[in-house]
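Here the structure comes first, spelled out in structure tokens, and everything after it is commentary.
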Amino acid sequence: MTDKVITQVSPWFDDREQALVTECLESGWITEGPKSAEFTERLNDMIGVPYGVFAPNGTLALVLGLLALEVGPGDEVLVPDVTFIGSANAVLMTGATPVFVEVTGDNFQIDLSEADGLVTDRTKAIMPVHMFGMCGDMDGVRRFAKRHDLLIIEDAAQAIGVHYDGVHAGAMGDVGCFSFFADKTITTGEGGYVTCRDEAVYDRLRLLRNQGRFDRGAYVHPAIGYNFRITDMQAAIGLAQLEKMPEILARKAAHLARYETNFADLPDVYLLKQQPKSGYVPFRLFLFSPAGEALLNYVNENGVQSRPFFYPLHRQPCFASLRETQNLDDSRFPNSIRAHEHGQCLPIHPALSESDIDRVSEVVRSYFER
Ligand SMILES: *Cc1c(COP(=O)(O)O)cnc(C)c1O
């Protein structure tokens, strides 16, 4: 008999999500209402910001945040070369241009020494992406932004529960953008959130997300806006997920520690190096090995779903037109390419047990000990 496949991700629900969604359905209030108000309050409390609004997903949270900061056509935004493509597509959706920046060699976050040479008079913002559930050098990002007079848009899609120097991700920039997609640390199926600390930015966020008006049901629209709303059923699921978030974080931390122990004596396996001052809520277990794709395929053939690392943005076929105006030669992005060629994502979700972690570890070990 073969064991069942250990999946890359799995939602972690129980009766509580069902109960809160049922409350919502029975109340008849299914658009943003009491559950959304409560979820907003709890999120702002936890993140430590005065203001936040929902968006339909993390990509549109980034779009909303960028628009509220008045980023648009003619502007350039510095984006790390290693991130989910949604970070860059959000910039393009506003009419601005993403400028790809090489990442650091140890934890693959935006490399500020590389960014320096890419600033032009069109550069309006920098988008640090808290990749893998860890912040990069945010002190450096803030100094960099100040020196070049740039706005900071934090892509915190993978970073709920992550603190840097005691401050929650998403509370350090001009706006912070979160995702509640099914594979994130807490989920509402689809969903996003934008935080800010400035009241004028908050007002613009509210106008942009609700057809250019502050009040529902008003038909005189002081501004041009769109519909970036969610449903109260999603907020109900989010509230249940927030309740169990301490347990989710604890389980992920325990899984990480177990992986670290299990892999400690494997010479060709490296885990992410943690940025000083940053917490770490592993979004996936990021493993690097010169064995690269051969190891990835072996793991997949042996009952564990492993996934490759993001494909470097500078190589994306869909961004061919950006290569006409930016120097996107591979020679500029050795770390990004190495991350892609050596990196893979192993499962570390809360539904896994200790013995699941051991089984994944054994599969990796057996590749090297064949
Ligand atoms: C998931 C993710 C996004 C996009 O969020 P969606 O909700 O899928 O639109 C953006 N950036 C990063 C780093 C992500 O991991």
Note to self: So, in region 197-251, exactly how many residues are charged (D, E, K, R) and touching a Ser or Thr at 6+ places or on another chain (Cβ under 9 Å)?
What the structure shows: 3
Next item on the list: Please give the number of the condition PHE180 fails out of (1) within 11 Å of the ligand (Cβ to nearest atom); (2) open to solvent by 10 Å² or more (accessible area, probe 1.4 Å).
Entry: (2)
Margin query: Of all residues being under 30 Å from VAL269 (Cβ atoms) and open to solvent by 30 Å² or more (accessible area, probe 1.4 Å) in region 61-95, which is nearest to the chain's Cα centre (by Cα)? Just the residue, please.
Written below: PHE84
Notebook entry, point to check: When you scan region 188-220, how many residues do you find that are crowded, with 17+ Cβ neighbours inside 10 Å and part of a strand (DSSP E or B)?
Noted result: 6
Next item on the list: Kindly provide the set of residues from region 138-172 that are assigned to a loop (DSSP other than H, G, I, E, B), closer than 19 Å to LEU69 by Cα and more than 14 Å from the ligand (Cβ to nearest atom), ordered by number.
Entry: ASP149, LEU150, ALA171, MET172
Next item on the list: For CYS135, state whether it is touching a residue at least 60 places away in the same chain (Cβ under 8 Å), open to solvent by less than 10 Å² (accessible area, probe 1.4 Å) and within 11 Å of the ligand (Cβ to nearest atom).
Entry: no
Notebook entry, point to check: Within region 221-234, which residues are open to solvent by less than 80 Å² (accessible area, probe 1.4 Å) and either touching a residue at least 60 places away in the same chain (Cβ under 8 Å) or within 16 Å of the ligand (Cβ to nearest atom) (or both)?
Noted result: PHE228, ILE230, THR231, ASP232, MET233, GLN234
Check: So HIS163 clears everything in (1) at pLDDT below 95; (2) open to solvent by 10 Å² or more (accessible area, probe 1.4 Å) except one condition, right? Which one?
Finding: (1)
Item checked: Residues of region 173-187 that turn out to be part of a loop (DSSP other than H, G, I, E, B), touching an Asp or Glu at 6+ places or on another chain (Cβ under 8 Å) and of a type outside the set (A, V, I, L, M, F, W, C), as a count -> 2
Note to self: What pairs come out if I take residues in region 266-285 that are under 16 Å from ILE348 (Cα atoms) and assigned to a loop (DSSP other than H, G, I, E, B) and pair them with residues that are hydrophobic (A, V, I, L, M, F, W, C) and open to solvent by 30 Å² or more (accessible area, probe 1.4 Å) whose C-beta lies under 8 Å away, six or more apart or interchain?
What the structure shows: VAL281/LEU249; VAL281/ALA253
Margin query: Name the residue that is farthest from the ligand (Cβ to nearest atom), counting only residues in region 96-114 that are within 26 Å of LEU271 (Cβ to Cβ) and among the small types (Gly, Ala, Ser).
Written below: SER113
Checklist line | helices (runs of 4 or more DSSP H) within region 16-95 that include 1 or more residues away from the ligand (no atom under 16 Å from the Cβ) and free of Cβ contacts under 8 Å to residues at least 60 places away in the same chain | finding: 34-47
Note to self: Just to check your reading of the model, which residue among PRO11, PRO98 is modelled with pLDDT under 95, in contact with a strand residue (DSSP E or B) (Cβ under 9 Å, 6 or more places away or on another chain) and farther than 21 Å from ASP203 by Cβ?
What the structure shows: PRO11
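The values are calculated or read from the model by the stated rules, or taken from the named source; none is laboratory data. Here the structure is a predicted model, which is why all the values come from computation and not from measurement. A quick note on method: Cβ atoms are made from the backbone with ideal geometry, for glycine too, and the neighbour counts reach across all protein chains shown. These area figures cover heavy atoms from the full protein model, side chains too; ligands, DNA and RNA do not enter into them. Shrake-Rupley method; radii C 1.70, N 1.55, O 1.52, S 1.80 Å.
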